[in-house]
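Participant: Have a look at the structure that comes next, please.
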Amino acid sequence: MTPWISPSILAADFSRLGEEVRAVLEAGADTIHFDVMDNHYVPNLSVGPMVLESLRGAGIDATVDVHLMVKPVDALVESFLKAGADYITVHPESTEHLHRTLSMIRQGGAGAGVVFNPATPLAVLEECLELVDLVLIMSVNPGFGGQTFIESSLAKLRRARQLISAADHPVRLQIDGGVKVENIGRVAAAGADTFVAGSAIFGQDNYSQVISAMREEIARAAADA
Ligand code: DX5
Ligand code: ZN
């Protein structure tokens, strides 16, 4: 699967969000990762569906994957479907009925994602693989940008890649948290094909330089495989 680099808007300058999103897309980003936090499921508060709607209204038509760190989640799934999400990713802990939530996302016309916190076992993936288009492995505890990559996520990526290989439809394997140029090669080698990076991209002056450097590292990992 073609690798996707997905800047997380959480690290963008919110006072200029539209410009920031355009800038990373022009710099070569493949998709936009849209982090939604509710100060309940995670101890932080970010943005809601109106902000995505407004980006869409401003003509941003890139693929947007919405990472919902909210509980309860179903009502916001509906709102983000209406707001123009392409993928919606949910944590199993945030819904009483994961199967129903994932089905809702697909019925609404978006790709369905399931996300695993560092201490959440992958076992649930075996029960919902046929319903998901994206599997997200958290390499930090959700809630904040700029945290350190948890190394055991590499082994978890390998296990997730193995489980995904049983699927009879395409499933993206995404990594989120602490990803940067220095570790993205190892992350790719462990099986990820979709790379979220917030501070590593928005923290630099030259977005295109860092995105190109990431792409080179991913290509090198593929060549070494
Ligand atoms: C963390 C969010 C991440 C975060 C990544 O809860 O889900 O998407 O913005 O930020 P960095 O890349 O800075 O770790
Ligand atoms: Zn995220």
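The values are calculated or read from the model by the stated rules, or taken from the named source; none is laboratory data. Please read all numbers here as calculations on a predicted model, not as lab measurements. Cβ atoms come from the backbone with ideal geometry, glycine included; neighbour counts cover every protein chain shown. Heads up: the accessible areas ignore ligands, DNA and RNA and are worked out on the full protein's heavy atoms, side chains in. Shrake-Rupley method; radii C 1.70, N 1.55, O 1.52, S 1.80 Å.
Participant: Can you work out which of the residues in the stretch 167-202 that are open to solvent by less than 50 Å² (accessible area, probe 1.4 Å) and over 22 Å from THR63 (Cβ atoms) is nearest to ligand 1 (Cβ to nearest atom)?
Facilitator: Out of the qualifying residues, it is GLY178.
Participant: If you go through the stretch 64-78 one residue at a time, how many are more than 15 Å from ligand 2 (Cβ to nearest atom) and open to solvent by 40 Å² or more (accessible area, probe 1.4 Å)?
Facilitator: Just the residues of the stretch 64-78 that are more than 15 Å from ligand 2 (Cβ to nearest atom), to begin with: 71-72, 74-75, 77-78.
Keeping just the survivors that are open to solvent by 40 Å² or more (accessible area, probe 1.4 Å) gives 71-72, 74-75, 78.
Total satisfying the criteria: 5.
Participant: Additional query: Given (1) open to solvent by less than 80 Å² (accessible area, probe 1.4 Å); (2) more than 27 Å from ALA27 (Cβ to Cβ), where does GLN162 come up short, assuming only one miss?
Facilitator: It fails just one condition, (1).
Participant: Another question about this same structure. Quick one: which of ALA200, ALA188, ALA192 is within 16 Å of ligand 2 (Cβ to nearest atom), part of a helix (DSSP H, G or I) and either closer than 14 Å to ILE5 by Cα or under 14 Å from the mean Cα position of the chain (by Cα) (or both)? First the steps, then the outcome.
Facilitator: On the way: ALA188 fails: within 16 Å of ligand 2 (Cβ to nearest atom); ALA192 fails: part of a helix (DSSP H, G or I).
One residue alone meets the criteria, ALA200.
Participant: Checking ASP205 against (1) touching a residue at least 60 places away in the same chain (Cβ under 8 Å); (2) more than 11 Å from ligand 1 (Cβ to nearest atom): exactly one of these is not met. Which one?
Facilitator: Going through (1) touching a residue at least 60 places away in the same chain (Cβ under 8 Å); (2) more than 11 Å from ligand 1 (Cβ to nearest atom) one by one, ASP205 breaks only (1).
Participant: What tally of residues in the stretch 97-147 results from selecting those that are open to solvent by 40 Å² or more (accessible area, probe 1.4 Å), assigned to a loop (DSSP other than H, G, I, E, B) and away from ligand 1 (no atom under 14 Å from the Cβ)?
Facilitator: Of the residues in the stretch 97-147, 5 are open to solvent by 40 Å² or more (accessible area, probe 1.4 Å), assigned to a loop (DSSP other than H, G, I, E, B) and away from ligand 1 (no atom under 14 Å from the Cβ).
Participant: I want to confirm something. Restricting to the stretch 148-159 and keeping residues that are under 22 Å from PRO7 (Cβ atoms) and away from ligand 1 (no atom under 15 Å from the Cβ), which single residue is most open to solvent (accessible area, probe 1.4 Å)?
Facilitator: Just the residues of the stretch 148-159 that are under 22 Å from PRO7 (Cβ atoms), to begin with: 148-150, 153-154, 157.
Restricting the remaining residues to those that are away from ligand 1 (no atom under 15 Å from the Cβ) gives 154, 157.
Working: LEU154: 18, LEU157: 0 Å².
For the stretch 148-159, the residue satisfying everything is LEU154.
Participant: Right, next: For the stretch 82-94, check the following and say yes or no: at least one residue is closer than 22 Å to ASN206 by Cα and buried (at least 17 other Cβ atoms within 10 Å of the Cβ). Break it down stepwise before answering.
Facilitator: So the first thing to find is which residues in the stretch 82-94 are closer than 22 Å to ASN206 by Cα, and the list is none.
No: zero hits.
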